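Report on one structure; see the data block that follows.
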Number of protein chains: 2
Amino acid sequence: MLGWTCTELGARQGPGGGRGLVVRWAAPAQALRASSAGGWCQKLDSRRGGSLAPQPGRSEAAAFGMTSCGSRCLWILKMSVLLLALGTVLFMFRSIYVYTESRSDTPQLPHPALAAGMLKLPPEKRVRSLFTYDGIWLFPKNQCKCDDSELQRSYNFEDAYDPSDLPAVKMRRQAEFEHFQRREGLPRPPPVLAQPNLPFGYPVHGVEVMPLHTVPIPGLQFEGPDAPIYEVTLTASLGTLNTLADIPDSVVQGRGQKQLTISTSSQELLNFILQDVTYTSTEYQRHRVDMVTLESSSSVAKFPVIIRLPVMPKLYDPGPERKLRDMVTIATKTFLRPHKFMTMLQSIRKYYPDLTVIVADDSKKPLKINDSHVEYYTMPFGKGWFAGRNLAISQVTTKYVLWVDDDFLFNNKTKIEVLVDVLEKTELDVVGGSVLGNVFQFKLFLEHGENGDCLHRRSGSFRPLDGFPGCVVTSGVVNFFLAHTERLQSVGFDPRLQRVAHSEFFIDGLGSLLVGSCSNVIIGHQPHSPVVDPELAALEKTYNAYRTNTKAQIEFKLALHYFKNHLQCTT
Amino acid sequence: MLGWTCTELGARQGPGGGRGLVVRWAAPAQALRASSAGGWCQKLDSRRGGSLAPQPGRSEAAAFGMTSCGSRCLWILKMSVLLLALGTVLFMFRSIYVYTESRSDTPQLPHPALAAGMLKLPPEKRVRSLFTYDGIWLFPKNQCKCDDSELQRSYNFEDAYDPSDLPAVKMRRQAEFEHFQRREGLPRPPPVLAQPNLPFGYPVHGVEVMPLHTVPIPGLQFEGPDAPIYEVTLTASLGTLNTLADIPDSVVQGRGQKQLTISTSSQELLNFILQDVTYTSTEYQRHRVDMVTLESSSSVAKFPVIIRLPVMPKLYDPGPERKLRDMVTIATKTFLRPHKFMTMLQSIRKYYPDLTVIVADDSKKPLKINDSHVEYYTMPFGKGWFAGRNLAISQVTTKYVLWVDDDFLFNNKTKIEVLVDVLEKTELDVVGGSVLGNVFQFKLFLEHGENGDCLHRRSGSFRPLDGFPGCVVTSGVVNFFLAHTERLQSVGFDPRLQRVAHSEFFIDGLGSLLVGSCSNVIIGHQPHSPVVDPELAALEKTYNAYRTNTKAQIEFKLALHYFKNHLQCTT
């Protein structure tokens, strides 16, 4: 039967974060086409299946085309009357279907004649197919999820906790998350929408001011209809307003206050004053956005003033000769494998006799290293893998740091200069190489969700790196990489990760690090063959015990992802 | 003599960063008032002095008021004729004074009658007085400077270099600075200005999308004059556009492309389509802003889409009982003063028996510390003060870290819990206490300049801290403070600073750290009395030698500010 059709997009998240069920309706006049193949409308109970074959709908009148003839005319006449009657009846039922959505504007219900132009949203399945990357639906949603598939296993991080502990853990995580958000100024307020036909010119985006500083506001103007008096009011909340124009108080009121009002009979004078409006930040804060309003009669424009101090540069002088020694430090950590570390050190010295090597050691016995360019640090026994990594990088005084594991082997393909060139010429923060042909590139995708985010990991890269064939952009690489010291230090290696860990660093760096990978810079790896020396063999046995991922350790890492990174699950 | 007047604001930096000499001109009709006391105009050669006493100027006609009478009338008539003639002559000279400024709109020269309303900018001196804080002019300028005054000494950081080295150093610094800017997406593009009366609704600020993700663009609408056909084009550059509305290709073209065009005869249909426009980021990048344009006939609106990944949270679980031991770690560094460190450790244990104490030691001989809650780290001899600080904080696994110097003394006023409470309840990143009554609070102000920034330091605080009487907000504090570990680690202590250093940490943290200070949490300080024990006395003597700021060290620190922080000078 002909009837109303509706397509449901599902619980789509509105810009303000509110949930909205988007329902579109179609007027009955379209029902006429329902029966024709590939018609616009879908029956209500078949809304989730099938696809719509769009049809042109501009000449609505054509649908009701009339031709001259005998019985056919009569039939057409009868149909028209029937449709008209039906249309009238159904029109009265129109109000039953509510168009509810959490938007700031309630759009007008389209005119039935117009609706024949077909105003429907495609089913969720089709929207998913439009915005999927590497099989992940990268579109806003309330709830994200991690599904097992043949290619990926999924982990729910909650599983790492004892079910009896979980409610308390959830509460603590929520409290910590809210504290973090408060300090970061999150969640961001919903986007500010400008109405059409505002008689104002104003800056849409990009005015920044340092706390307690003043900036001129560019682009303010008024071009409204002629009036005997023009009155325009500017209002700020985290700062005060003024104008550089030297104007009497009868024209400009509130100079140096949070509200500035200009009243004049001359639109030109008004605009002269507006051109020199200044904003003064009055509160010392770390990062705030002040929405300044600009009003006249019933028109209101809003624009943001971003109050923040710039990032303080931390530059490194490469020196007049740009010696590699002044630009790169090698960093590593060792534990119960002194022979391997010494072998690696020897291999470094074959190619780079004077590069500083920083080594963090949490073994039982300290090493004696006879090398004037080695900086040796001892730690409490077994303090841990990432603690040691964090220690080593904390001591670097050059622009770049090259991370190597203590069992690597430098060879003639291990060209640090190539990696330096990549970082010098691109915007990458980290560039990985290849360990005996293994680049271990992986991409990370994040989906937001109410119970924590969903993190997806896929091997491979996003795109090639411009200007460097053989290099790509990705999210994570192998443990042989050159990095900007300052950025590496700002992300850091979490000392809570004591045993086996790798991708955690890149996950912590998501959003902070731009990571690349070049397969043409290769380092070797010492073989895993057992040692002969009994003392070293004993050490290695202990080492291997520490290196195994026990169940407790795996659960610890999953729980860490749950709490620390506010994640829900991963695939 | 009556003549043109102009006020020069100086080399004011326009929003796009361009320099502009702002010159305002005043029509000669104003000259009439020049002679009256406190008149609007200023003679050209006295433009930098004096102040303007604004006078109401709306009823321009009043200036030319006529009254009926005999000889007076004649005088008035003569003056009027003279003025008219003068006005005509000077009007022709109007074009000589050019209104040049790097703005996107060239404002119209006001009508002479209007100009009597006095459109002048105050002299620089007055602008300075408007926007000065603590004696520093916090307003955009091309060149900042540091002047000696009775209260402040100034340092030019270039003086730290050999004049013969300086040109090469400048070039290297500029190269490093440009690399840094490229990676940070600086300088920011000039503010985007919206023209008045655009027939569009659109988001002004706040649409964010993660790289490779899709977001719906809220608030798009068109409300223009009626037309037979409406054609609206959206153009992006770092992503593609689409619409969720199921519409045929004859109406919407370019779906999934960088340019989306909607052509329809129905404004309602147009708006339905616009309501569901989506933006898909197509490039994997760290932080970009895509200016999307929205055009129809001759109207163009632009709005920003910010492409970035969110900051990955790094939360710490306080545990079900919120034990202080699970929330706070004490960190310190020691060098050639083992007795002082041990004394301090004993004083800690009197009040906090189980808090973890992390100590970095770059002395010659390692200590033996019999305390199961002390983590002891050794470093290369004399590696340095800030290197040791960076090492110690790199090992912290709790939410907060309390920094103490190795010669402090805990007492019953040293209430760590109070500092924890301050950080838990506010947005501060760091809160300092008092060392025997000394809070050492100082504020930092930054002015941008072409040859590097000017940094100003003033003692005291910005404002009280809401909710905590006895606490204030400032930029720097004494070396007794509690900090958010994650944020402290992200700023870090620069290991290049080997000897005496303090404020460098807070300077590096400018913009990243919100710092507070509470005078009611007090720690003691061990007296400077010399030790009896000869071995310790020898150590102390060596220590004092390292502790002195040699000329070379002072120059090193000034040079570091010059290069690393891109500063020009300081007061």
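Assume the label is 7 Å from Cα along Cα to beta carbon: what separations in nm does A:R349 have to the matching positions in the other copies?
Copy-to-copy label distances for A:R349: 4.2 nm.
Just tell me how shielded A:315-321 is by partners: mean number of partner chain Cβ atoms within 10 Å of each residue's Cβ, no decimals. Don't skip to the end; give the middle numbers.
Details: counts 13, 6, 10, 3, 3, 5, 0.
Averaged over the peptide's residues, the number is 6.
Could you pull the Rg and Dmax for segment B:265-395, using just the Cα atoms, both in Å?
Cα radius of gyration and Dmax of segment B:265-395 are 28.7, 88 Å respectively.
Place a point 7 Å from the Cα of B:N156 along the Cα-to-Cβ direction; which residues of segment B:531-571 have their backbone N under 19 Å from it?
Output list for this probe position: B:555-571.
Output, in nm with one decimal and in ascending order, the distances from the A:D249 label point to the matching label points of the other copies (7 Å from Cα along Cα-to-Cβ).
Inter-copy label distances (nm, one decimal, shortest first): 6.9.
Please report the antiparallel percentage of DSSP beta bridges with both residues in segment A:301-442, rounded to the nearest 5. If you can, show how the numbers build up before the last one.
Values: 1 of 15 bridges.
Here the share of antiparallel DSSP bridges comes out near 5 percent.
Which of rounded, prolate or oblate describes segment A:465-538 when judged by the alpha-carbon gyration tensor and an a/c cut-off of 1.5? Mind showing how you got there, number by number?
Details: a/c = 3.07, a/b = 1.48, b/c = 2.08.
The shape class here is oblate.
Hey, for a label at B:L166 modelled as a point 7 Å past Cα toward Cβ, could you say which residues of segment A:312-326 have their backbone N under 17 Å away?
none
In Å, what Rg and Dmax follow from the Cα atoms of segment A:213-328?
20.7, 74
To the nearest 100 Å², how much accessible surface do chains A and B hide from each other in total, with a 1.4 Å probe? Numbers along the way, then the final one.
Values: alone 31780 and 31710 Å², together 49290 Å².
Counting protein atoms only, the buried area is about 14200 Å².
For B:F222, which sequence-distant residues (separation of 5 or more, or a different chain) have an amide H within less than 5 Å of its own amide H, given hydrogens modelled in the peptide plane?
Long-range HN contacts for B:F222: B:G201.
Can you give me the % of accessible surface on segment B:410-502 that is carbon or sulfur? Probe 1.4 Å, all protein chains present, nothing else counted.
Numbers: 1540 of 3050 Å².
That fraction is 50 percent.
Relative to the isolated chain, which residues of segment B:550-571 have their accessible area cut by 50 Å² or more in the presence of all protein chains (1.4 Å probe, heavy atoms, no ligands or nucleic acids)?
By number: B:F563, B:K564.
Per residue of B:507-516, count partner chain C-beta atoms within 10 Å of its C-beta, then hand back the mean as an integer.
What the average comes to for B:507-516 is 4.
When Lys and Arg each count +1 and Asp and Glu each count -1, what net charge do the other residues less than 10 Å away from A:S475, Cβ to Cβ, add up to?
Details: positive: A:K443, A:R457, A:R458; negative: none.
With Lys, Arg at +1 and Asp, Glu at -1, the neighbours total +3.
Can you list residues from other chains, or at least 5 along the same chain, whose modelled amide H is less than 5 Å from the amide H of B:R499?
Amide H neighbours of B:R499: B:W385.
Report in % the part of the accessible area of segment A:119-179 that belongs to carbon and sulfur, leaving out ligands and nucleic acids; probe 1.4 Å. Don't skip to the answer; put the middle values down first.
Numbers: 1770 of 3530 Å².
Carbon and sulfur atoms account for 50 percent of the accessible area of segment A:119-179.
Sorted from shortest, what are the nm distances separating the label point of A:K541 from equivalent points in the other copies, each placed 7 Å from Cα along Cα to C-beta?
5.2
Fully extended, how many nm does the chain gain between A:D249 and A:S237 (0.36 nm per residue separation, minus their Cα-Cα distance)?
Numbers: separation 12, 0.36 × 12 = 4.32 nm, distance 2.17 nm.
This chain segment gains 2.1 nm when fully extended.
Past 30 Å, Cα to Cα, is the threshold; run B:K323/B:K365; A:K314/B:K368; A:K425/A:K564; A:K350/A:K399; A:K415/A:K564; A:K383/B:K557 against it and keep the listed order. Each step should come with its number before you reach the end.
Details: B:K323/B:K365 35 Å; A:K314/B:K368 37 Å; A:K425/A:K564 34 Å; A:K350/A:K399 23 Å; A:K415/A:K564 37 Å; A:K383/B:K557 34 Å.
Beyond 30 Å between Cα atoms: B:K323/B:K365; A:K314/B:K368; A:K425/A:K564; A:K415/A:K564; A:K383/B:K557.
Leaving ligands, DNA and RNA out of it, report the carbon-plus-sulfur percent of the accessible area of segment A:236-275 at a 1.4 Å probe. Please report the intermediate quantities before stating the final value.
Working: 530 of 1220 Å².
Carbon and sulfur together cover 43 percent of it.
Can you give the FRET efficiency for A:S529 and A:K413, using 1/(1 + (r/R0)^6), R0 = 22 Å, r = Cβ-Cβ distance, to the nearest 0.05? Numbers along the way, then the final one.
Values: r = 22 Å, r/R0 = 1.01.
Computed FRET efficiency for A:S529 and A:K413 comes out at 0.50.
With viscosity set to 1.567 mPa s and temperature to 4 °C, compute the Stokes-Einstein D of segment B:203-280, Rh being the Kirkwood radius across alpha carbon pairs; µm²/s, no decimals. Please list the in-between numbers first.
Details: Rh = 12.8 Å.
So the translational diffusion coefficient is about 101 µm²/s.
I'd like the FRET efficiency for A:S149 and A:K425, computed as 1/(1 + (r/R0)^6) with the beta carbon distance as r and R0 of 35 Å, rounded to 0.05. The partial results should precede the final answer.
Working: r = 39 Å, r/R0 = 1.11.
The pair A:S149/A:K425 has a calculated efficiency of 0.35.
Loop-only chymotrypsin sites (Phe, Trp or Tyr not before Pro) in segment B:359-424, please: DSSP not H, G, I, E or B, and at most 13 other Cβ atoms within 10 Å.
Numbers: sites: B:Y376, B:Y377, B:F381, B:W385, B:F386, B:Y400, B:W403, B:F408, B:F410; in loops: B:F381, B:F410.
Sparse-neighbourhood loop chymotrypsin sites (Phe, Trp or Tyr not before Pro): B:F381.
Rounded, prolate or oblate: which fits segment A:435-569 when a ≥ b ≥ c are the square roots of the eigenvalues of the alpha-carbon gyration tensor, with rounded for a/c under 1.5 and prolate only if a/b beats b/c? Walk me through the numbers on the way to the answer.
Numbers: a/c = 2.23, a/b = 1.19, b/c = 1.88.
It comes out oblate by the Cα gyration axes.
Can you give the FRET efficiency to the nearest 0.05 for B:Y351 and B:H502, using r as the Cβ-Cβ distance and R₀ = 22 Å?
Values: r = 26 Å, r/R0 = 1.18.
That pair, B:Y351 with B:H502, gives E of 0.25.
Please calculate how many Å² of accessible area segment A:425-493 carries per residue, with a 1.4 Å probe and no DNA, RNA or ligand atoms counted. All intermediate terms of the calculation are to be shown ahead of the outcome.
Details: 2150 Å² over 69 residues.
So segment A:425-493 comes to 31 Å² accessible per residue, rounded to a whole number.
Ignore the peptide's own chain and count Cβ atoms of other chains within 10 Å of each Cβ in A:387-399; give me the average, rounded. Numbers along the way, then the final one.
Working: counts 6, 2, 1, 7, 8, 2, 3, 14, 10, 4, 8, 1, 2.
Across A:387-399, the average partner-chain Cβ count within 10 Å equals 5.
Just order B:529-535, B:455-461 by mean Cβ neighbour count inside 10 Å, highest at the front, would you?
On the way: B:529-535: 9.1, B:455-461: 17.7.
Output ranking for B:529-535, B:455-461: B:455-461, B:529-535.
Quick one: 3J(HN,Hα) in Hz for segment A:182-197, Karplus 6.51/-1.76/1.60 with θ = phi - 60°, rounded, Gly and Pro as x.
With the stated coefficients, segment A:182-197 comes to 4, 6, 8, x, 10, x, 5, x, x, x, 8, 9, 8, 7, x, 6 Hz.
Shape of segment A:352-472 from its Cα gyration tensor (a ≥ b ≥ c, root eigenvalues): rounded if a/c is under 1.5, otherwise prolate when a/b > b/c, or oblate?
Values: a/c = 2.25, a/b = 1.31, b/c = 1.72.
Oblate, since a/c reaches 1.5 and b/c is not below a/b.
The values are calculated or read from the model by the stated rules, or taken from the named source; none is laboratory data. Bear in mind that the values here come from a model prediction, so they are computed numbers and not experimental data. Virtual Cβ from ideal backbone geometry, glycine too; neighbours counted across all protein chains shown. The area values use the complete protein model at the heavy-atom level, side chains included, leaving out ligands, DNA and RNA. Shrake-Rupley method; radii C 1.70, N 1.55, O 1.52, S 1.80 Å.
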